[in-house]
2 protein chains.
Amino acid sequence: MVGATNQTLRPFLWRAGKLFPDREIVSRTAEGIKRYTYAEYEGRVAQLAGALEDAGIGDGDRVATFCWNHGRHFETYFGVPSMGAQLHTINPLLPDHHIQYIVENAEDRIIFVDPSLAPKLASAYDETSFASVDQFVVMASEVPDVDLEPVTDYESFIAEYPDEYDWPDLPEDQPAGMCYTSGTTGKPKGVEYSQQMLWAHTMATLPQAGLDIGADDVIMPVVPMFHVNAWGLPFSATAAGAKHVYPGPSPTPADLAKLIEDEGVTMTAGVPTVWLGLLEYLDENDADMSSLERIVIGGAAAPKSVIRRFDEEYDVEVVHAWGMTEMSPVGTVAHLKPGMEDELSTDEQYDKRGMQGLLVTGLEMRVVGDDGDEVPWNGEDFGELWVRGPWVTTEYFQRPDANETDFEGNWLKTGDVVTVDEDGYVKIVDRAKDVIKSGGEWISSVELENTIMAHDGVAEATVVGVPHERWQERPVAFIVPKKGVDQDELKSGVVDLVRSEFPKWWTPDEVVFIEEVPKTATGKFDKKVLREEYDDASLIEGKTPDEDAPAEN
Amino acid sequence: MVGATNQTLRPFLWRAGKLFPDREIVSRTAEGIKRYTYAEYEGRVAQLAGALEDAGIGDGDRVATFCWNHGRHFETYFGVPSMGAQLHTINPLLPDHHIQYIVENAEDRIIFVDPSLAPKLASAYDETSFASVDQFVVMASEVPDVDLEPVTDYESFIAEYPDEYDWPDLPEDQPAGMCYTSGTTGKPKGVEYSQQMLWAHTMATLPQAGLDIGADDVIMPVVPMFHVNAWGLPFSATAAGAKHVYPGPSPTPADLAKLIEDEGVTMTAGVPTVWLGLLEYLDENDADMSSLERIVIGGAAAPKSVIRRFDEEYDVEVVHAWGMTEMSPVGTVAHLKPGMEDELSTDEQYDKRGMQGLLVTGLEMRVVGDDGDEVPWNGEDFGELWVRGPWVTTEYFQRPDANETDFEGNWLKTGDVVTVDEDGYVKIVDRAKDVIKSGGEWISSVELENTIMAHDGVAEATVVGVPHERWQERPVAFIVPKKGVDQDELKSGVVDLVRSEFPKWWTPDEVVFIEEVPKTATGKFDKKVLREEYDDASLIEGKTPDEDAPAEN
């Protein structure tokens, strides 16, 4: 008594090709808009599978992509895993040495690469790291002048193969996908997705508790297809029989507005900066957004102003979601619960929508405090979010060190420190490594930063926990003042501001003025540098923490 | 690289209890309406699990129910499988000897029984068949006077156990559910559901392509909970955080109308006769149906008039679905595809909605003709529907004979003969055992019957294939004429009617007048009796089939 077939991507491809043969897949390319149907897509995916097989790709071989969002990239999404190989989507924005590490670690056999990204890949190329790579396939109809060998173009690669393929029955633990986390510290960690994980994640994104995707939808993933499978949207859209719109390389807000208008996009998805850019564009330009029903925002917290503006000015719902590479990636979605539209003010509704949201159907979570116990759901106490479920990984690829620290039984320790309110809404308050542990209680560095950065005299600020003999850690604020601001006034102003919003013991023990906040390669604050610099506690020597520090209460 | 946890029912219970603690579960009982919340439900389910464990129930033990639709029955849905046992829902409408066979075959350890059904169970009781049964638990707060031993009442059974339970990590192939098909011939066949099958089926019912269930829904399953888990709705509603409404024993149309009105039911589900009854009630009585958005109709084809009337008079969408016990059960749902609301006339839309519909996401199908090849999707050619997928079983419980005939590789041969139209909509035209195979082509006995029964002079009719030396089989019509009808006129009238609607070679070779169509225990036409009676071909001796029979064309 088990299901007649394993959970694989095959039935999604079958259903789209057979029941929605006329629905379209649209791509913005350097040569203009290209469109074809699921019926043609299904045939091309079969051709790709035939070509891969003929190229010696078999069970468990890794096939990589180094591409933007377009139809050919989407063909690899089904073609590679459904013939038994594993699709490894490489982030082309990584520094060369990370790309080298990733290709070598994954032992990729073939790399599909966009013409516009071929120079970047060529610059990362070195013989040792790329030793496993048999060939490069450029996503074009003829081979451009690239410095990669041996190389062919995609259309030639698939041309001679039939448009039907005898898709195998795959085991459900067959490796199907792979993505590396672009961690801010240390080497990227590989996360593998089995056929079953992708199946389960896809099924979980379709319902109302997920992203509510149906055949009527026209879905435009702006989130790159090398970021956790564009949050799974190409799979979800196919499973639903929806129309796909791929915005191609480096779309501008004008490009996105035009695609929404021309193709009748109902749902799109990406990080907050994309939508800030779109709002700015729409302030200055006319575009018909009437087809657009919702924008899925993830990757970082969506400003409440963005949620409000899309709602009030464009009647577009911002669907705030949270996830991780380790979770395929969707974990929470900030939908309102029954009755909230009537019971909450519009502003309170935006507050709910601005949180990371409710755990989707099929997962379980707990929030674990510093003492190892679960913290109460009161919107105030916080702890590290742990999750488990059928699309949550239990290990990193060849990383026993990380496996030791990041998992506990079948729980993934997400590294995100959160509160959960009485209604069950998760809100991220910090990363676990950045939270400040003071006297047995936790202080959110992120909340302090947000408050301090709201001060008129502050250009940039970050807050770091520095070691303290008595209190374990105490917060120190590093501030880049705006030009011409009086530092003494600024310091007392910042302290007053913090005290007005938080318990006194959250007040930073010291305010340090610096010229620039150190940043990582991807532009995030690099607190590690500051932590190392102030690791000897000399900074706060002789200080005593505020008199109402938690241990004394 | 596998999911962190197996696919089980546990996360559904967790999510409803933790994220929707205030949503209600409402039951119509002999003592009036009872209601409690998911928070209380979760506690009671934990109590039940503790009680079962204490009663010696462990991994894989079967626990049976013999109950109508109510909250306590719903408690067994999660309590039994989530603690590692297997929930076996017995159909109390079966004849005693079937109940005996089923209890003995399943080796049930405990039977939960409604007070109103206890006499029926007592009448079926015999020591040999019920040898495995340790005890009976009556679904009440005190033990009524029943002839079952040893017996306790449900509230006493669970009373002393804590409202928390340490739910185990179960393997995904752990047996979780069981249901016997009430076949019209032979012994009932047991179908088992693993944790994974129930998980996958639940996830497949939630999206728009399934039944589109969300937290805002108020779901009333009228389909009995002993019929394939009430089509899975108790699981689906919980997974979504929806409100449940259980109509209790033998609800009248007035009861259903009142529950819809009082509880704000948004979705309900049952066989066509229930909804015909509701329509008749509403013709004569006032009731507020404004909360009701959709009715899922399955179990038999919904008359187009029912679809039309609910739409036009009550703005309620009839969602026609098809499934089987072997499929957990949902297989197809007749949603309109993108654009159809604009492109098709209202009548054509009803035609689409009246078919069995489109295969839901996650399954695959083929339609196999008599020659073993797939038939084209043209709405005319027909063949047997085969399906496969993660919630389709691959075997019957201890029935190697049936396993031999009803499966082909990982395909379930459904026994339903269908057409598929150009849009992919499945329409059942006959049962495989009833289809008439004539000269290498198939004739639908059901379509002939429907046409013949539309004749004014016909009270009842059935069409059976009888053996034929040259054509393999030929159709013979058995007609119960209305009183006082001239038989010769009727015969030629029926033949003319059939010829006006079907190819000439579909015309029955003979029309036989009978006094009554033989029926099975459940009221279906028992064609087997007629087939046996006319098995010697004497009936059609000397006849030649119509000159344009298919083999000559």
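Here are a few things to note about the model shown:
- Members of the stretch B:373-403 that become less accessible by 20 Å² or more once partner protein chains are added (1.4 angstrom probe, chain alone as reference): B:Trp377, B:Arg388, B:Gly389, B:Pro390, B:Thr394, B:Glu395
- Computed 3J(HN,Hα) for the stretch A:335-349, one whole-Hz value per residue from the Karplus formula 6.51 cos²θ - 1.76 cosθ + 1.60 where θ = phi - 60°, is 7, 6, 8, x, x, 5, 5, 8, 8, 9, 5, 4, 5, 5, 5, glycine and proline marked x.
- Solvent-accessible area, 1.4 Å probe, carbon plus sulfur percent, for the stretch A:393-528: 45 percent
- Spatial separation of Cα centroids for the stretch B:141-215 and the stretch B:1-62, in angstrom: 10 Å
- Buried on complex formation within the stretch A:337-353 (loss of at least 30 square angstrom of accessible surface versus the isolated chain, 1.4 Å probe, ligands and nucleic acids ignored): A:Lys337, A:Pro338.
- Assigned charges on the beta-carbon of Lys, Arg, Asp, Glu; the protein assembly as shown dipole about Cα centre (debye): 420 debye
- Amide hydrogen proximity for A:Ala85: with H placed 1.01 Å from N in the peptide plane, the residues at 5 or more positions away or on another chain lying under 5 Å are A:Gly60.
- Normalised per residue, the accessible area of the protein assembly as shown is 38 Å², obtained with a 1.4 Å probe and no contribution from ligands, DNA or RNA.
- Copies compared at A:Asp255 - label distances in nm, ascending, label defined 7 Å from Cα in the Cβ direction: 6.2
- Nearest 10 degrees, 0 to 90: helix B:304-314 Cα axis against chain B principal axis: 50 degrees
- Expressed to the nearest 5 percent, the antiparallel share of DSSP beta bridges inside the protein assembly as shown is 55 percent.
- Other copies of A:Leu279: label-to-label distances in nm, shortest first, labels 7 Å along the beta-carbon direction: 5.1
- Each DSSP beta bridge with both residues in chain B is either parallel or antiparallel, and the antiparallel ones are about 55%.
- With R₀ set to 56 Å, the beta-carbon distance separating B:Lys437 from B:Glu284 gives a calculated FRET efficiency near 0.75.
- For B:Lys189, the residues whose modelled amide H falls within less than 5 Å of its own, excluding neighbours fewer than 5 places apart on the same chain, are B:Thr181, B:Gly183.
- Column: log10 I(q)/I(0), Debye, Cα scatterers of the stretch A:1-193, q = 0.13, 0.16 Å⁻¹: -0.69, -1.03
- Of the residues making up the stretch B:184-231, those losing 50 Å² or more of accessible area when the isolated chain is joined by the remaining protein chains, with a 1.4 Å probe, are B:Trp199, B:Met203, B:Pro207, B:Gln208.
- Pairs beyond 24 Å (Cα-Cα), from A:Lys34/A:Lys258; A:Lys187/A:Lys519; A:Lys427/B:Lys34; B:Lys304/B:Lys337; A:Lys413/A:Lys437: A:Lys427/B:Lys34
- Looking at the stretch A:1-193, the DSSP beta bridges with both ends there are about 40 percent antiparallel.
- With 0.36 nm allotted per residue and the present C-alpha distance subtracted, the B:Lys34-B:Glu312 stretch has 96.7 nm of extension available.
- Here the Kirkwood formula puts the hydrodynamic radius of chain A at 25.0 Å, using every distinct Cα pair.
- Inter-site label distance for A:Asp370 and B:Asp59 at 7 Å from Cα along Cβ, in nm: 4.1 nm
- Helix-only [θ]222 nm of chain A, DSSP H runs n ≥ 4, -39500 (n - 2.57) each, per residue, nearest 500: -9000 deg cm²/dmol
- Measuring r between the beta carbons of A:Glu343 and A:Glu469 and using R0 = 56 Å, the FRET efficiency lands at 0.70.
- Sites A:Ala131 and B:Val2, calculated FRET efficiency, Cβ-Cβ separation with R0 22 Å, nearest 0.05: 0.15
- Between A and B, buried accessible area from a 1.4 angstrom probe totals roughly 5100 Å², ignoring ligands, DNA and RNA.
- Centre separation in Å (Cα based) which lies between the stretch A:245-262 and the stretch B:443-513: 62 Å
- Cα-based shape type of the stretch A:9-57, given that a ≥ b ≥ c are square roots of the gyration tensor eigenvalues and the cut on a/c is 1.5: oblate
- Label spacing, shortest first and in nm, from B:Phe502 to its equivalents in the remaining copies (7 angstrom along Cα→Cβ): 8.0
- The Kirkwood radius of the protein assembly as shown, taken over pairs of alpha-carbon atoms, gives through the Stokes-Einstein law at 37 °C and 0.692 mPa s a diffusion coefficient of 102 µm² s⁻¹.
- Computed label-point distance, nm, for sites A:Asp486 and B:Asp147 using a 7 Å Cα→Cβ extension: 9.9 nm
- Shape annotation for the stretch B:114-250: C-alpha extents along the principal axes are 47, 44, 35 Å, from largest to smallest.
- Accessible area of the stretch B:215-298 belonging to carbon and sulfur atoms, whole % at 1.4 Å probe: 50 percent
The values are calculated or read from the model by the stated rules, or taken from the named source; none is laboratory data. Everything quoted here is computed from the prediction, not taken from an experiment. Note that we place each Cβ from the backbone using ideal geometry, even for glycine, and neighbour counts take in every protein chain shown. All accessible areas refer to the heavy atoms of the entire protein, side chains included, with ligands and DNA or RNA removed. Shrake-Rupley method; radii C 1.70, N 1.55, O 1.52, S 1.80 Å.
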